[in-house]
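The numbers here are math on the coordinates, done by the rules we state, and not lab data. Because the structure is predicted, anything quoted here is derived from the model rather than measured. Counting neighbours? That spans all protein chains shown, and the Cβs are built from the backbone with ideal geometry, glycine included.
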Amino acid sequence: TQLLEQSPQFLSIQEGENLTVYCNSSSVFSSLQWYRQEPGEGPVLLVTVVTGGEVKKLKRLTFQFGDARKDSSLHITAAQPGDTGLYLCAGANKGGANNLFFGTGTRLTVIP
Amino acid sequence: AAGVIQSPRHLIKEKRETATLKCYPIPRHDTVYWYQQGPGQDPQFLISFYEKMQSDKGSIPDRFSAQQFSDYHSELNMSSLELGDSALYFCASSSGGKQFFGPGTRLTVL
């Protein structure tokens, strides 16, 4: 059962454009993490959101955790070619073990 | 800053052989997680250890086993390898929530 659905699955935009990636679930998570993964490499942690409604900014990236802690979004302003990659959201379960359930992923391509 | 170390980075095995993957967590991290990522798929949780004890179990086949040692490094043992076991295997470590991933071991079963 896929707990986290990301949309869009693929996104190709021009350099300088803005974009938003969505991560939705019917489950409540104790925290949600966003990762970026390059081909053949391990996911790199971008941010962790814990509190419902929380907004975190990382340079041109803005992350928001839904009020009910079931969904999240990633907004990138003025995308750069260096933003190209696979973006994964991952929710930690409430059971205390904190193993992650990964979303389906969004593959972003920024065209120069 | 020190990161998670995994070895080997690449491994090629024949069907029915065994493989051992090693993970060295970030210093002072007490929890280790193992994930399997098939081609074009998202990582799937296999198993985790906290303070050398198994803390949670995911979709890990019975042919696989893992343990965490006194120095906190972990090993994933895979026996009777099948073609479908070909994947990237990631180890992640954490201390208090945030998980940091290693570079992965790419296992190819021929």
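Normalised by the number of residues in chain A, the mean separation of alpha-carbon contacts (under 8 Å, six or more apart) gives a relative contact order of 37 percent. Over the C-alpha atoms of region A:25-72, the Rg to Rh ratio, Rh being the Kirkwood estimate, stands at 1.02.
Under 25 °C and 0.890 mPa s, how fast does region B:27-77 diffuse according to Stokes-Einstein, given a Kirkwood radius computed over C-alpha pairs? Answer in µm²/s, whole number. Using the Kirkwood radius from Cα pairs, D works out to 215 µm²/s. Computed on region A:1-54, the Cα convex hull volume stands at 137 Å³ per residue. Shape index of chain B: Rg/Rh, with Rg the Cα radius of gyration and Rh the Kirkwood radius from the inverse mean 1/r over Cα pairs, equals 0.95. Among rounded, prolate and oblate, which fits the protein assembly as shown when a ≥ b ≥ c are the square roots of the eigenvalues of its C-alpha gyration tensor, a/c under 1.5 means rounded, and a/b larger than b/c means prolate? Judged from the Cα gyration tensor, the protein assembly as shown comes out prolate (a/c at least 1.5, a/b above b/c). Think of each Lys and Arg Cβ as +1 and each Asp and Glu Cβ as -1; about the Cα centre, that makes the dipole of region A:1-74 roughly 240 debye.
Sorted from longest to shortest, the spans of the Cα atoms of region B:58-110 along the three principal axes equal 37, 21, 19 Å. Chain A gives an Rg/Rh value of 0.96, both radii derived from C-alpha positions and Rh following Kirkwood.
Note on B:Ser65 and B:Leu110: the model spin-label points, each 7 Å out from Cα along the C-beta direction, lie 2.8 nm apart. Using C-alpha pairs below 8 Å separated by at least 6 residues, the relative contact order for chain B is 37 percent. Placing pseudo-labels 7 Å out from each Cα toward the beta carbon at A:Lys59 and B:Ser80 gives an inter-label distance of 4.8 nm.
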